[in-house]
Amino acid sequence: MKTGAEGARADSQPVPGGLWRNADFVKLWLGMNVSFLGTQVSSLAYPLTAVLVLHADTAEMGWLRATGTAASFLVGPFAGVVADRVRRRPILIAADLGSALLAASIPAAFFLGALGMGQLYVVQFLAGTLSICSEVASMAYLPALVRREQLVRANSQLQASSAAISIAGPGLAGVLVQALSAPLVVIFDAVSFILSAACTALVRAPEPAHDAETAPRRGVWAEIGEGLRFVYGHAVLRPLAQGIALHFLFVNVIYTLLVIYAVRELGIGPAPLGVVFAALGPGFLVGALLAPRAARRFGPGRVMTYAPLLTVAGMSLVPLARGPLAVAVSMLAAAHFLTACGIQLHGINFVSLRQAVTPHRLQGRMTASFRYVNLLGACLGSLAAGALAERVGMRPTLAVGVCGLLLPFLRLFFSPVRRLREVPAAE
C-alpha cells in the first residue's frame, strides 16, 4: 500500500505519451515561458533606464545590480524553508502577482515625473525577493509533476523554449526601448507576470506531503541548517555548489558593466544592443538540445565539468570587443552565443542531477542552499565590478571577470563530478 506522499506522487505522473500529454506540466511550462517573454522584453529596460534616463555611473550600476541579488541572498534560505513547509503552487502565484505590481510602479513613476535611482534600487530589491521565492518553489515543484527519469528532458524542454524566446526577446526589447523609452517597456513585464499567475493557477496535480504535514515542525534555523548540511555534506553536490557560486561571482563582474560598457565605450545603441543579447537565445537553444544527448554520450559529470570552458571562451570576447559598430556587435553577439551554450550544457544536467538526488522533503531547502551562496557571489561580484571599474577602468575589470571564470572548471575537474557517468538515486 502506498503512503500519502507516494500516492500523491503517483497521481501526478504523466500519462504514457510523455511530457506533452501531461496537462499540468504544459500549464507550468506555459506560465514560466509567458513570464520569461516579459522579462526578456524588459531585460534591457532596467539598466537602460539607469544609463539613458537617470545617467547612472559605474558605481550606481554596481549598486543597482547588487540590490536585486542582495535581496535574494537575504531571503533565499527562508524561501527554501517556506517551500518545504507549504504547497508550492500558491507561492508561485503570489510571487507573480507581486512582481507585476512592482514592475508597474516603474512606468507609473516615469509618467508622474518621480522616477529616480532610489526607486530602481527598491524595486530591484523587492523583485529579487519575489524572484528567489518563485525560483525555489518552481524547481521544487517540478519533480512533483514529472517522473524522476523525465527530469533531464523536462528541464531541457523548459530551457529550450526559453531559449527560443531569448532569440526574439532582447531584439524586440531594443526596438521597443528605442521607440517608447526604457521605463515604458517594463509594462510588458507586468502583464506577463499576470498571465503567468493565471497559467499556474490552472495546475491541478496534487503535491506530495510536506514536512509540516508528516513531522513536527522545527525551528527555521534548524531547517535551514539541514538543507545546507545536505548540500555541503554531499560528495557530488558540494563541488557543484562551490563551482556555480564562483561562476556567479565572476559572471556578475562582467554583466554589471556590460550595458554601460557597450553604450559608452563601444557606442552601441539600444537596438543593436538588443541584437547582442538576442544571441543568447540561439546559444541557449543549442545547449538545451545538446544537453541530454551529451549526457548520454559522455556522462553528465564530464558535460558539467567541461561546459564552463565554453563560457570562458565566450566571455573572453567581451573585453576584446572594439572597432566599427558591426564588428563590436558581432563580437559581443558571439560572446553571448558561446556563453549561453556553455551555461545550458552545464545547467540542465546540473539542475536535473540535484533534483534527482534530493529527497522530496528537502527540495526547497536544497535549491535555496544553492541559491544562497550563488547570490552572495553575485552580489559581491556586482559591487566589486563597480568599485574596481572606478579605479582601473572597465576593460581591465572585465578581463578580471573572464579569468575568474576558469575557477568553476578547475573546481569540478578536481572533484568526483568529472567521473560521474549517470545520475545517482536520491538518498
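The values are calculated or read from the model by the stated rules, or taken from the named source; none is laboratory data. All of these numbers come straight from a predicted model, not from anything done at the bench. Positions of Cβ are generated from backbone atoms using ideal geometry, with glycine treated the same way; all protein chains shown enter the neighbour counts.
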Is one or more of the residues making up region 104-113 out of contact with any strand residue (DSSP E or B) (no Cβ under 7 Å at 6 or more places or on another chain), closer than 26 Å to residue 142 by Cβ, touching a residue at least 12 places away in the same chain (Cβ under 8 Å) and not β-branched (Val, Ile, Thr)?
no
Subset of region 176-199 [small (Gly, Ala, Ser), part of a helix (DSSP H, G or I) and in contact (Cβ under 8 Å) with a residue 40 or more places away in the chain]
182, 190, 192, 196, 197, 198
Set 385, 389, 378: member being crowded, with 24+ Cβ neighbours inside 10 Å, more than 24 Å from the chain's Cα centre (by Cα) and touching a residue at least 60 places away in the same chain (Cβ under 8 Å)
389
Looking only at region 139-175, which residues are touching a residue at least 24 places away in the same chain (Cβ under 8 Å), in a helix (DSSP H, G or I) and charged (D, E, K, R)?
148, 153
Residue 333 vs. criteria in a helix (DSSP H, G or I), touching a helix residue (DSSP H, G or I) at 6+ places or on another chain (Cβ under 7 Å), within 21 Å of residue 70 (Cα to Cα) and small (Gly, Ala, Ser):
no
Candidate set: region 162-212, residues that are charged (D, E, K, R) and modelled with pLDDT of 75 or more; chosen: the one nearest to the chain's Cα centre (by Cα):
189
Could you look through region 117-163, keep only residues that are β-branched (Val, Ile, Thr) and within 26 Å of residue 102 (Cα to Cα), and pick out the one that is surrounded by the fewest Cβ atoms within 10 Å (Cβ to Cβ)?
122
Enumerated helices (runs of 4 or more DSSP H) restricted to region 34-115, each holding at least 3 residues that are closer than 28 Å to residue 368 by Cα and among the hydroxyl-bearing types (Ser, Thr, Tyr):
58-85
Segments classed as helices (runs of 4 or more DSSP H), wholly inside region 266-320, with at least 1 members that are polar (S, T, N, Q), at pLDDT 85 or above and on the phi < 0 side of the Ramachandran plot
300-306, 308-315
